[in-house]
Amino acid sequence: MTTPAETIGIGASSDTAFVEFRHELFAAGLLHPTSVDGVYGKSAAYERIVEGVLASVTRLGVGRFEAVHFPPVLARSTFDRTGYLSSFPDLMGSLHVFEGNDRAHTELVRRYEADGDWSEILKPAEVVVCSAACHALYPLCTGRLPEAGRWFEIQGYCFRHEPSPDPTRMQTFRMHELVCVGDPDMAVTHRDSGLADGLRMLRDLGLEMDAVPANDPFFGRLGTILANTQLEEALKIEGVTPIYPTEKPTAIMSANYAQDHFGSSFSIETASGNVAHSSCVAFGIDRITLALLHAHGLDPYRWPPEVTDRLWR
Ligand code: 5GP
Ligand code: ZN
(Lines give C-alpha, C1' and ligand atoms only; values in the text may rest on other atoms or scores of the structure.)
(Ligands and ions follow the chains in the order given, each with its own letter.)
Protein backbone atom coordinates (compact mmCIF):
# COMPACT_ATOMS: atom_id res chain seq x y z
CA MET A 1 0.00 0.00 0.00
CA THR A 2 1.28 3.49 -0.78
CA THR A 3 1.54 5.69 2.29
CA PRO A 4 0.77 9.42 2.11
CA ALA A 5 4.48 9.97 2.62
CA GLU A 6 5.40 7.99 -0.47
CA THR A 7 2.88 9.87 -2.60
CA ILE A 8 4.87 13.07 -2.01
CA GLY A 9 8.17 11.37 -2.62
CA ILE A 10 9.40 10.59 0.87
CA GLY A 11 10.37 7.02 1.62
CA ALA A 12 11.94 5.16 4.53
CA SER A 13 14.73 4.11 2.17
CA SER A 14 16.30 7.56 2.45
CA ASP A 15 19.57 7.47 4.32
CA THR A 16 18.95 10.56 6.42
CA ALA A 17 17.65 9.95 9.91
CA PHE A 18 15.17 12.79 9.84
CA VAL A 19 13.48 11.56 6.69
CA GLU A 20 13.13 8.18 8.38
CA PHE A 21 11.67 9.73 11.53
CA ARG A 22 9.23 11.74 9.44
CA HIS A 23 8.22 8.64 7.55
CA GLU A 24 7.51 6.87 10.86
CA LEU A 25 5.40 9.80 12.06
CA PHE A 26 3.41 9.76 8.81
CA ALA A 27 3.03 5.99 8.90
CA ALA A 28 1.76 6.14 12.52
CA GLY A 29 -0.77 8.80 11.48
CA LEU A 30 0.66 11.31 13.99
CA LEU A 31 1.60 13.82 11.28
CA HIS A 32 -0.04 14.23 7.88
CA PRO A 33 1.92 15.60 4.94
CA THR A 34 1.03 18.62 2.86
CA SER A 35 2.69 19.61 -0.41
CA VAL A 36 5.08 21.85 1.54
CA ASP A 37 7.96 20.75 3.77
CA GLY A 38 7.50 21.76 7.39
CA VAL A 39 3.69 22.17 7.28
CA TYR A 40 1.75 19.23 8.69
CA GLY A 41 -1.66 18.09 9.80
CA LYS A 42 -1.63 16.60 13.30
CA SER A 43 -3.60 13.73 14.82
CA ALA A 44 -5.68 13.77 18.00
CA ALA A 45 -2.98 11.70 19.75
CA TYR A 46 -0.33 14.27 18.75
CA GLU A 47 -2.52 17.11 19.99
CA ARG A 48 -3.12 15.29 23.28
CA ILE A 49 0.64 15.34 23.88
CA VAL A 50 0.74 19.03 22.90
CA GLU A 51 -1.94 19.77 25.52
CA GLY A 52 0.05 17.91 28.18
CA VAL A 53 3.23 19.81 27.33
CA LEU A 54 1.42 23.17 27.31
CA ALA A 55 -0.08 22.36 30.73
CA SER A 56 3.36 21.37 32.06
CA VAL A 57 4.81 24.75 31.02
CA THR A 58 1.79 26.56 32.49
CA ARG A 59 2.37 24.79 35.82
CA LEU A 60 5.91 26.24 35.91
CA GLY A 61 4.48 29.75 35.88
CA VAL A 62 1.23 29.39 37.81
CA GLY A 63 0.53 32.24 40.22
CA ARG A 64 3.51 34.29 39.10
CA PHE A 65 2.87 34.92 35.41
CA GLU A 66 -0.02 36.66 33.64
CA ALA A 67 -1.22 34.39 30.81
CA VAL A 68 -1.81 35.91 27.36
CA HIS A 69 -2.62 33.90 24.22
CA PHE A 70 -1.82 35.63 20.96
CA PRO A 71 -3.05 34.83 17.43
CA PRO A 72 -0.54 33.75 14.76
CA VAL A 73 -0.48 37.21 13.17
CA LEU A 74 1.24 40.30 14.51
CA ALA A 75 0.67 44.00 13.75
CA ARG A 76 3.17 45.04 11.08
CA SER A 77 3.89 48.17 13.13
CA THR A 78 4.93 45.94 16.07
CA PHE A 79 6.98 43.69 13.81
CA ASP A 80 8.83 46.75 12.48
CA ARG A 81 9.90 47.65 16.00
CA THR A 82 11.23 44.18 16.89
CA GLY A 83 14.22 44.48 14.55
CA TYR A 84 13.47 40.98 13.20
CA LEU A 85 13.61 42.12 9.57
CA SER A 86 17.19 43.40 9.92
CA SER A 87 18.44 40.26 11.63
CA PHE A 88 16.37 37.45 10.07
CA PRO A 89 14.97 38.63 6.70
CA ASP A 90 15.17 35.08 5.37
CA LEU A 91 12.93 33.67 8.11
CA MET A 92 10.10 36.23 8.27
CA GLY A 93 6.74 35.84 6.60
CA SER A 94 4.68 38.72 5.23
CA LEU A 95 0.92 38.57 4.60
CA HIS A 96 -0.55 40.11 1.47
CA VAL A 97 -4.18 40.89 0.69
CA PHE A 98 -6.33 42.10 -2.20
CA GLU A 99 -7.56 45.68 -1.87
CA GLY A 100 -8.13 46.55 -5.53
CA ASN A 101 -11.16 47.69 -7.54
CA ASP A 102 -13.16 45.79 -10.18
CA ARG A 103 -10.46 46.35 -12.81
CA ALA A 104 -7.77 44.98 -10.53
CA HIS A 105 -10.02 42.02 -9.71
CA THR A 106 -10.46 41.22 -13.41
CA GLU A 107 -6.68 41.29 -13.85
CA LEU A 108 -6.20 39.15 -10.74
CA VAL A 109 -8.56 36.47 -12.05
CA ARG A 110 -7.09 36.67 -15.55
CA ARG A 111 -3.61 35.98 -14.21
CA TYR A 112 -4.88 33.25 -11.88
CA GLU A 113 -6.68 31.46 -14.73
CA ALA A 114 -3.63 31.80 -16.99
CA ASP A 115 -1.38 30.36 -14.24
CA GLY A 116 0.33 33.75 -14.09
CA ASP A 117 1.72 35.58 -11.06
CA TRP A 118 -1.43 36.99 -9.42
CA SER A 119 0.43 37.72 -6.19
CA GLU A 120 1.94 40.88 -7.76
CA ILE A 121 -1.52 42.46 -7.52
CA LEU A 122 -1.72 42.00 -3.75
CA LYS A 123 -0.66 44.57 -1.16
CA PRO A 124 1.07 44.01 2.19
CA ALA A 125 -1.53 43.65 4.96
CA GLU A 126 -1.39 45.52 8.27
CA VAL A 127 -0.31 42.21 9.83
CA VAL A 128 2.60 39.80 9.31
CA VAL A 129 2.94 36.23 10.59
CA CYS A 130 4.45 35.96 14.08
CA SER A 131 8.14 35.05 14.26
CA ALA A 132 8.32 34.65 18.05
CA ALA A 133 5.42 34.37 20.48
CA CYS A 134 6.73 37.12 22.78
CA HIS A 135 6.85 39.85 20.09
CA ALA A 136 3.16 40.74 20.48
CA LEU A 137 3.63 41.35 24.18
CA TYR A 138 6.05 44.29 24.28
CA PRO A 139 3.62 47.01 23.10
CA LEU A 140 1.48 46.08 26.14
CA CYS A 141 4.38 47.12 28.37
CA THR A 142 5.10 50.54 26.83
CA GLY A 143 5.39 53.14 29.60
CA ARG A 144 6.51 52.68 33.21
CA LEU A 145 6.60 49.22 34.79
CA PRO A 146 5.56 48.46 38.35
CA GLU A 147 8.35 47.99 40.94
CA ALA A 148 8.25 44.18 40.55
CA GLY A 149 8.42 44.30 36.74
CA ARG A 150 5.93 42.32 34.66
CA TRP A 151 5.83 38.58 34.19
CA PHE A 152 3.96 36.88 31.37
CA GLU A 153 3.14 33.41 30.16
CA ILE A 154 2.66 33.67 26.39
CA GLN A 155 1.30 31.10 23.96
CA GLY A 156 1.14 31.44 20.22
CA TYR A 157 1.86 30.01 16.78
CA CYS A 158 5.08 31.11 15.08
CA PHE A 159 6.17 31.03 11.45
CA ARG A 160 9.72 30.80 10.16
CA HIS A 161 10.47 30.22 6.52
CA GLU A 162 12.82 27.25 6.78
CA PRO A 163 11.34 24.47 4.61
CA SER A 164 13.02 21.20 5.56
CA PRO A 165 12.20 17.49 5.51
CA ASP A 166 13.30 17.36 9.17
CA PRO A 167 9.99 17.05 11.07
CA THR A 168 11.49 18.95 14.01
CA ARG A 169 12.00 21.96 11.72
CA MET A 170 8.48 23.11 11.02
CA GLN A 171 7.60 26.30 9.19
CA THR A 172 4.81 26.88 11.65
CA PHE A 173 4.97 25.67 15.23
CA ARG A 174 3.73 26.49 18.73
CA MET A 175 5.85 28.40 21.18
CA HIS A 176 5.07 28.80 24.87
CA GLU A 177 7.13 31.41 26.66
CA LEU A 178 7.71 32.70 30.17
CA VAL A 179 8.77 36.33 29.86
CA CYS A 180 10.08 38.86 32.37
CA VAL A 181 10.26 42.60 31.64
CA GLY A 182 11.94 44.61 34.40
CA ASP A 183 15.34 45.50 35.86
CA PRO A 184 18.45 43.83 34.38
CA ASP A 185 18.95 41.60 37.42
CA MET A 186 15.30 40.46 37.31
CA ALA A 187 15.65 39.57 33.64
CA VAL A 188 18.88 37.61 34.14
CA THR A 189 17.56 35.81 37.22
CA HIS A 190 14.39 34.85 35.33
CA ARG A 191 16.40 33.61 32.33
CA ASP A 192 18.53 31.38 34.58
CA SER A 193 15.80 30.10 36.90
CA GLY A 194 13.39 29.55 33.97
CA LEU A 195 16.07 27.54 32.20
CA ALA A 196 16.67 25.40 35.31
CA ASP A 197 12.90 24.87 35.84
CA GLY A 198 12.41 24.01 32.17
CA LEU A 199 15.27 21.52 32.09
CA ARG A 200 13.94 19.84 35.23
CA MET A 201 10.42 19.64 33.79
CA LEU A 202 11.71 18.09 30.55
CA ARG A 203 13.96 15.62 32.39
CA ASP A 204 10.98 14.63 34.54
CA LEU A 205 9.20 13.79 31.28
CA GLY A 206 12.01 11.32 30.56
CA LEU A 207 14.04 13.42 28.12
CA GLU A 208 17.83 13.47 28.20
CA MET A 209 18.60 17.20 28.41
CA ASP A 210 21.72 19.30 28.13
CA ALA A 211 22.13 23.08 28.30
CA VAL A 212 24.43 24.66 25.70
CA PRO A 213 25.36 28.26 24.82
CA ALA A 214 23.82 29.14 21.47
CA ASN A 215 23.30 31.91 18.94
CA ASP A 216 20.40 32.88 16.74
CA PRO A 217 20.83 32.39 12.95
CA PHE A 218 21.46 36.09 12.16
CA PHE A 219 21.53 36.79 8.42
CA GLY A 220 24.56 37.68 6.33
CA ARG A 221 28.08 38.89 7.09
CA LEU A 222 26.99 41.32 9.78
CA GLY A 223 24.98 38.44 11.24
CA THR A 224 28.16 36.48 11.93
CA ILE A 225 29.39 39.31 14.13
CA LEU A 226 26.06 39.53 15.96
CA ALA A 227 26.01 35.76 16.48
CA ASN A 228 29.56 35.82 17.90
CA THR A 229 28.66 38.64 20.30
CA GLN A 230 25.57 36.74 21.45
CA LEU A 231 27.74 33.69 22.13
CA GLU A 232 30.53 35.65 23.87
CA GLU A 233 28.05 37.40 26.14
CA ALA A 234 26.22 34.09 26.79
CA LEU A 235 22.85 35.74 26.06
CA LYS A 236 21.20 32.57 24.71
CA ILE A 237 21.24 29.10 26.18
CA GLU A 238 19.43 26.21 24.57
CA GLY A 239 18.02 23.11 26.19
CA VAL A 240 18.89 20.33 23.74
CA THR A 241 18.01 16.66 23.50
CA PRO A 242 19.37 13.94 21.20
CA ILE A 243 16.90 12.92 18.48
CA TYR A 244 19.14 11.96 15.57
CA PRO A 245 22.28 9.89 16.23
CA THR A 246 24.27 11.57 13.44
CA GLU A 247 23.11 15.15 14.05
CA LYS A 248 23.74 17.68 16.81
CA PRO A 249 21.16 17.42 19.61
CA THR A 250 17.95 19.35 18.86
CA ALA A 251 17.01 22.56 20.69
CA ILE A 252 13.59 22.07 22.27
CA MET A 253 13.74 25.14 24.50
CA SER A 254 15.80 28.30 24.77
CA ALA A 255 16.48 30.86 27.50
CA ASN A 256 17.23 34.31 26.11
CA TYR A 257 18.39 37.55 27.71
CA ALA A 258 17.44 40.34 25.28
CA GLN A 259 19.11 43.05 27.41
CA ASP A 260 17.42 46.42 26.63
CA HIS A 261 16.57 45.49 23.01
CA PHE A 262 12.78 45.38 23.46
CA GLY A 263 12.77 47.91 26.31
CA SER A 264 14.27 50.59 24.08
CA SER A 265 12.34 49.65 20.89
CA PHE A 266 9.00 49.73 22.75
CA SER A 267 9.79 52.60 25.18
CA ILE A 268 9.45 50.49 28.33
CA GLU A 269 10.84 51.99 31.56
CA THR A 270 11.52 50.37 34.90
CA ALA A 271 9.91 51.82 38.05
CA SER A 272 13.10 53.82 38.62
CA GLY A 273 12.98 55.30 35.10
CA ASN A 274 15.68 53.26 33.35
CA VAL A 275 15.22 51.42 30.06
CA ALA A 276 13.71 48.02 30.89
CA HIS A 277 15.50 44.77 30.18
CA SER A 278 13.75 41.53 29.27
CA SER A 279 14.30 37.81 29.06
CA CYS A 280 12.22 34.96 27.76
CA VAL A 281 12.29 31.22 28.31
CA ALA A 282 10.78 29.68 25.18
CA PHE A 283 9.48 26.12 24.90
CA GLY A 284 9.15 24.71 21.37
CA ILE A 285 5.93 22.76 21.96
CA ASP A 286 5.98 20.82 18.69
CA ARG A 287 9.65 19.91 19.09
CA ILE A 288 9.07 18.74 22.68
CA THR A 289 6.15 16.64 21.42
CA LEU A 290 8.35 15.05 18.76
CA ALA A 291 11.19 14.51 21.26
CA LEU A 292 8.74 12.69 23.56
CA LEU A 293 7.51 10.53 20.66
CA HIS A 294 11.10 9.75 19.79
CA ALA A 295 12.04 8.89 23.39
CA HIS A 296 8.96 6.91 24.45
CA GLY A 297 7.59 5.48 21.21
CA LEU A 298 4.96 6.48 18.69
CA ASP A 299 1.94 5.37 20.75
CA PRO A 300 1.49 7.85 23.61
CA TYR A 301 -1.19 5.63 25.15
CA ARG A 302 1.57 3.11 25.90
CA TRP A 303 4.06 5.50 27.43
CA PRO A 304 5.42 4.85 30.93
CA PRO A 305 2.93 5.99 33.62
CA GLU A 306 5.55 8.24 35.24
CA VAL A 307 5.48 10.27 32.00
CA THR A 308 1.74 10.20 31.29
CA ASP A 309 0.87 10.96 34.93
CA ARG A 310 2.89 14.16 34.64
CA LEU A 311 1.53 15.14 31.23
CA TRP A 312 -2.14 14.46 31.87
CA ARG A 313 -2.47 14.85 35.62
P1 5GP B 1 14.22 30.39 19.35
O2 5GP B 1 13.51 31.69 19.56
O3 5GP B 1 15.19 30.05 20.44
O4 5GP B 1 14.78 30.25 17.97
O5 5GP B 1 13.07 29.30 19.40
C6 5GP B 1 12.49 28.88 20.61
C7 5GP B 1 12.15 27.43 20.50
O8 5GP B 1 11.20 27.26 19.44
C9 5GP B 1 13.32 26.55 20.09
O10 5GP B 1 14.09 26.14 21.21
C11 5GP B 1 12.62 25.39 19.44
O12 5GP B 1 12.23 24.46 20.42
C13 5GP B 1 11.41 26.02 18.83
N14 5GP B 1 11.67 26.17 17.39
C15 5GP B 1 12.51 27.04 16.78
N16 5GP B 1 12.52 26.82 15.45
C17 5GP B 1 11.67 25.79 15.22
C18 5GP B 1 11.27 25.10 14.05
O19 5GP B 1 11.71 25.37 12.93
N20 5GP B 1 10.37 24.08 14.20
C21 5GP B 1 9.87 23.76 15.42
N22 5GP B 1 8.99 22.75 15.49
N23 5GP B 1 10.24 24.39 16.54
C24 5GP B 1 11.13 25.38 16.46
ZN1 ZN C 1 10.70 35.41 23.31
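The values are calculated or read from the model by the stated rules, or taken from the named source; none is laboratory data. As the structure is a computational prediction, the values presented were derived from the model and not from experiment. Ideal geometry is used to build each Cβ from the backbone, glycine not excepted, and the neighbour counts take in all protein chains shown. For accessibility, only protein heavy atoms count, side chains too; no ligands or nucleic acids. Shrake-Rupley method; radii C 1.70, N 1.55, O 1.52, S 1.80 Å.
Figures for the structure shown
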item	result
Gyration tensor (alpha-carbon) shape descriptor, the chain, a/c threshold 1.5	oblate
Carbon plus sulfur fraction of accessible area for segment 146-295, probe 1.4 Å, in percent	53
Formal net charge of residues neighbouring His96 (Cβ-Cβ distance under 13 Å; K, R +1; D, E -1)	-2
Whole-angstrom gap from segment 162-204 to segment 62-125, using each part's C-alpha centre	26
Hz values of 3J(HN,Hα) by residue in segment 203-213 - Karplus curve (6.51, -1.76, 1.60), Gly and Pro given as x	5, 4, 8, x, 9, 7, 10, 9, 10, 9, x
Set of lysines with alpha-carbon distance to Lys248 below 25 Å, sequence-local pairs under 8 removed	Lys236
Solvent-accessible surface (1.4 angstrom probe) belonging to Trp303, in square angstrom, nearest 10	10
Net charge of Cβ neighbours under 11 Å - reference Leu140; Lys, Arg +1; Asp, Glu -1	0
Where the chain is the region considered: accessible area per residue in Å², 1.4 Å probe	49
DSSP-defined beta bridges in the chain - what % are antiparallel, rounded to 5	90
Contour minus Cα-Cα distance for Trp118 and Ser193 (0.36 nm per residue)	22.0 nm
Three-way shape label, segment 197-281, alpha-carbon gyration tensor, a/c 1.5	oblate
Stretch gain in nm, segment Asp102-His32, where the contour uses 0.36 nm per residue and the Cα spacing is subtracted	21.3 nm
Mean Cβ neighbour count within 10 Å, used as a protection proxy, ranking 46-52, 103-109 highest first	46-52, 103-109
Mean ellipticity per residue at 222 nm, deg cm²/dmol - from DSSP H runs of n ≥ 4 across the chain, formula -39500 (n - 2.57)	-11000 deg cm²/dmol
